[in-house]
Amino acid sequence: MSVTIKDVARVVGVAPSTVSRTLQDHPSISQETKEKVRKAMDKLGYVPNASAQNLANKFTNTIGVILPTMDSKERRSNPFYLEVISAMNEEARKQRVTISIASGQTHDELLENVQLMYRQKRVDGFIMLYVQEEDIILDYLVDNAIPFTIIGRPYRYNNESNCVDNDNQLLGQAATNHLIEKGHERIVFVTNNDSENFFQERFDGYRKAMKFQDKTSLDYFCLSHPEDYLLFEDYLKTKKPTGCIAIDDMFALRLIQMLNLLGYQVPDDISVISFNNSIFTTLIHPYITSLDIQAELLGQTAVVEFLIQLKEENAMKKHVIIPHTLIENETVRDISKD
């Protein structure tokens, strides 16, 4: 026989309504009583009926997490999403909620999944793990007043959005300043993605740092098509950069391999710095110098901030900034004394 609320109440010596309120984490029940009830639940092996609770309660205690469309192998294998989701799962466990993933190969498919999850009351709202300039999913969330938090900063709906992000402009400045401190003056920003907001902010930070240090900034170089790699070889010969800022570690690894194929050694000929401090920084030598954006803290904070927005009446929308840390490894050479 399955264990019921009445069984738990009998063991603890309280009314069944007390057990029910404990399941809802109701403030009218003391912390001491809640702990006694939860211990009895564990001892008896009581498993709450999630469907019944969702019907009875205001909240489902499930957060939908919206991944970007996984339309490329590179995006599917990006460790950033795994790190963030792992941290979100851990924080959700602490907060006694669960995570449900929304994904799709196209934006229409993704929107359909998001709509289905919310209409069927399977989630209380969503955390978005990406930012896109024209986004039908974000339009749907705002138009329908669905609670959401974004990891990143949207192009639109700034006043309507609850955000957790790094200061990406400051990240771009920090990467540039590190290269300048090491004696580099001819620095180029290299990316494989120039459509997302975080790229533009990091590139703006690069240009500000170069201007402040009275250095000549170069236009960014985007390597998104096979023919771009041939053009980049000519670019390197013409501009002769001594330092490259890569959009992230995953791309930095590819950039270093390409530089090696073209006859350049990193960091002896060209230094490279990137962002994220992911597992890719230490896959092969030279280890990549990178700015740690604290992906785990981004994920944890997004869960906490979403729940505040969900459960506190009149909670103000916030833009929470997560700090970064420079991790010096082997791909930046000090040429200031050459």
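The values are calculated or read from the model by the stated rules, or taken from the named source; none is laboratory data. Keep in mind it's a predicted model, so treat the numbers as computed, not measured. Cβ sites come from the backbone with ideal geometry, for glycine too, and all protein chains shown count toward neighbours. Accessible surface areas use protein heavy atoms only, side chains included; no ligands, DNA or RNA. Shrake-Rupley method; radii C 1.70, N 1.55, O 1.52, S 1.80 Å.
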query: Name the residues in the range 287-306 that are among the polar types (S, T, N, Q) and open to solvent by 50 Å² or more (accessible area, probe 1.4 Å), would you?
result: GLN294, GLN300
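For every residue, the table says whether it meets (1) at pLDDT below 90; (2) out of contact with any Leu (no Cβ under 6 Å at 6 or more places or on another chain); (3) within 28 Å of ALA302 (Cα to Cα); (4) open to solvent by 80 Å² or more (accessible area, probe 1.4 Å).
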| position | (1), (2), (3), (4) |
| --- | --- |
| THR22 | yes, yes, yes, no |
| GLU35 | yes, yes, yes, yes |
| LYS43 | yes, yes, no, yes |
| ASN49 | yes, yes, yes, yes |
query: Is the range 298-317 home to any residue that is modelled with pLDDT under 95, in the same structural domain as MET128 (by the TED database) and polar (S, T, N, Q)?
result: yes
field: For ARG186: the one exception among (1) within 20 Å of the chain's Cα centre (by Cα); (2) open to solvent by 20 Å² or more (accessible area, probe 1.4 Å)
entry: (1)
query: Looking at (1) open to solvent by less than 10 Å² (accessible area, probe 1.4 Å); (2) free of Cβ contacts under 8 Å to residues at least 12 places away in the same chain, which is the only condition THR238 fails?
result: (1)
query: What's the number of the condition LYS121 fails, among (1) open to solvent by 60 Å² or more (accessible area, probe 1.4 Å); (2) in contact with a Ser or Thr (Cβ under 7 Å, 6 or more places away or on another chain); (3) at pLDDT 95 or above?
result: (3)
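Regarding the range 254-269, can at least one residue be identified that is assigned to a loop (DSSP other than H, G, I, E, B) and closer than 16 Å to ALA175 by Cα?
yes
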- prompt: How many residues does the range 146-176 hold that are modelled with pLDDT under 95 and among the acidic types (Asp, Glu)?
  reply: 1
message: Would you confirm whether or not the range 259-267 contains a residue that is under 18 Å from the mean Cα position of the chain (by Cα) and either over 13 Å from GLU330 (Cα atoms) or at pLDDT below 95 (or both)?
response: no
query: Which residues, counting only those in the range 196-225, are open to solvent by less than 70 Å² (accessible area, probe 1.4 Å), in a helix (DSSP H, G or I) and either over 30 Å from ASP135 (Cβ atoms) or aliphatic (A, V, I, L, M) (or both)?
result: ALA209, MET210
Residue that is surrounded by the most Cβ atoms within 10 Å (Cβ to Cβ), among those in the range 268-286 that are of a type in the set (S, T, N, Q) and under 23 Å from the mean Cα position of the chain (by Cα): ASN276
field: Any pair with Cβ under 9 angstrom, 6 or more apart, that starts in the range 1-15 at a residue that is in contact (Cβ under 8 Å) with a residue 12 or more places away in the chain and under 16 Å from ARG38 (Cβ atoms) and ends at one that is basic (Lys, Arg) and surrounded by fewer than 12 Cβ atoms within 10 Å (Cβ to Cβ)
entry: VAL11/LYS43
